[in-house]
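See below for the structure under consideration.
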Amino acid sequence: MIGQRESVGGAHFAFTDRWGGVSAAPYEQLNLGGAVGDTAEAVRDNRELAAKSLGLDPGRVVWMNQVHGADVAVVDEPWGTPVPPLERSPEWGSPVPEVDAIVTTRRGLALAVLTADCVPVLLADPVAGVVAAAHAGRPGMVGGIVPAAVRAMVGLGAEPDRIVARTGPAVCGRCYEVPEQMRADVAAVEPAAHAETSWGTPAVDVSAGVHAQLDRLGVCDREQSPVCTLESADHFSYRRDRTTGRLAGYVWLD
């Protein structure tokens, strides 16, 4: 259920795998995404299972309506719905704002990011008491969602050289094949994302691009998951399966 977990100075980081939930195929088992076709009941149960396995109150987890943009929201509470929001799904009540990063200074409030090949980015300055979660796909990385999240953290008292950054399972540059022109366009913005597949065709390495951006921002304490979602049967991958579930990354402060 929890594929990776780490604590640093009172900040906690966790990434799920696909196992230990209740969803049926093709979302088996721990699908945490509410806008992929799974039942609302299964996603609610999975979110509760995942939160409780981390010692979190499921009602104190903040989710996003991710749109591959560069907007950031500062949050102090969950969005106000009595059940976990299903992003775009109307049966779960009021819609969640369209943002791709959330930031908080509220201790005990967990921030969550959903992915199935994109890069989940978890950030924390334990000294300042600021955490952020960001969704960095190719468009978001090019658009600057991670620098935007760091800027929002700095605005709340964080310092880049104190920020701890962890990126979770994502499709790797050896597997993320794209057209040549797309690779050129991405590399024009972020050269570190220029890549080649293991079979010799143009590719983009979003994780490498994210880490290069963090490095330029002065974030030195960085770790990248070695897991490629497309290659791993233990993780959801949209590029591999199309109709599939979503993984989650969580970050919070004691």
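GLU41 passes every criterion in (1) touching a residue at least 12 places away in the same chain (Cβ under 8 Å); (2) more than 20 Å from the chain's Cα centre (by Cα) apart from (1).
So is ARG222 basic (Lys, Arg), touching a residue at least 12 places away in the same chain (Cβ under 8 Å) and touching a helix residue (DSSP H, G or I) at 6+ places or on another chain (Cβ under 6 Å) or not? In short, yes.
The residues on offer are PRO120, PRO85, PRO95, PRO126, and the sole one that is under 18 Å from TRP252 (Cβ atoms) and either of a type in the set (D, E, K, R) or at pLDDT below 95 (or both) is PRO85. The set of residues in the range 46-64 being of a type outside the set (A, V, I, L, M, F, W, C), buried (at least 21 other Cβ atoms within 10 Å of the Cβ) and not in a helix (DSSP H, G or I) is empty.
Per the listing VAL127, VAL154, the residue uniquely surrounded by fewer than 21 Cβ atoms within 10 Å (Cβ to Cβ) and touching a Lys or Arg at 6+ places or on another chain (Cβ under 7 Å) is VAL127. Number of residues in the range 232-254 that are surrounded by 15 or more Cβ atoms within 10 Å (Cβ to Cβ) and either of a type in the set (Gly, Ala, Ser) or outside any helix (DSSP H, G or I) (or both) equals 14. Report whether or not ALA187 is over 30 Å from PRO26 (Cα atoms), surrounded by fewer than 24 Cβ atoms within 10 Å (Cβ to Cβ) and touching a His at 6+ places or on another chain (Cβ under 7 Å). Criteria met by ALA187. Of all residues in the range 173-202, those that are more than 24 Å from ARG216 (Cα to Cα) have Cβ atoms under 9 Å from Cβ atoms of residues that are polar (S, T, N, Q) and in a helix (DSSP H, G or I), 6 or more apart or on another chain, in PRO202/GLN181.
Has the range 159-167 got any residue that is crowded, with 22+ Cβ neighbours inside 10 Å, under 15 Å from the mean Cα position of the chain (by Cα), part of a loop (DSSP other than H, G, I, E, B) and among the basic types (Lys, Arg)? No - not one qualifying residue is present in the range 159-167. Condition check: closer than 20 Å to THR105 by Cα and outside any helix (DSSP H, G or I). Does ALA148 satisfy that? Spelling it out, it is not the case that ALA148 is closer than 20 Å to THR105 by Cα and outside any helix (DSSP H, G or I).
VAL146 - would you say it is under 21 Å from ALA248 (Cβ atoms), in contact with a helix residue (DSSP H, G or I) (Cβ under 7 Å, 6 or more places away or on another chain), surrounded by 24 or more Cβ atoms within 10 Å (Cβ to Cβ) and touching a residue at least 12 places away in the same chain (Cβ under 8 Å)? So VAL146 passes the test.
The values are calculated or read from the model by the stated rules, or taken from the named source; none is laboratory data. Here the structure is a predicted model, which is why all the values come from computation and not from measurement. A quick note on method: Cβ atoms are made from the backbone with ideal geometry, for glycine too, and the neighbour counts reach across all protein chains shown.
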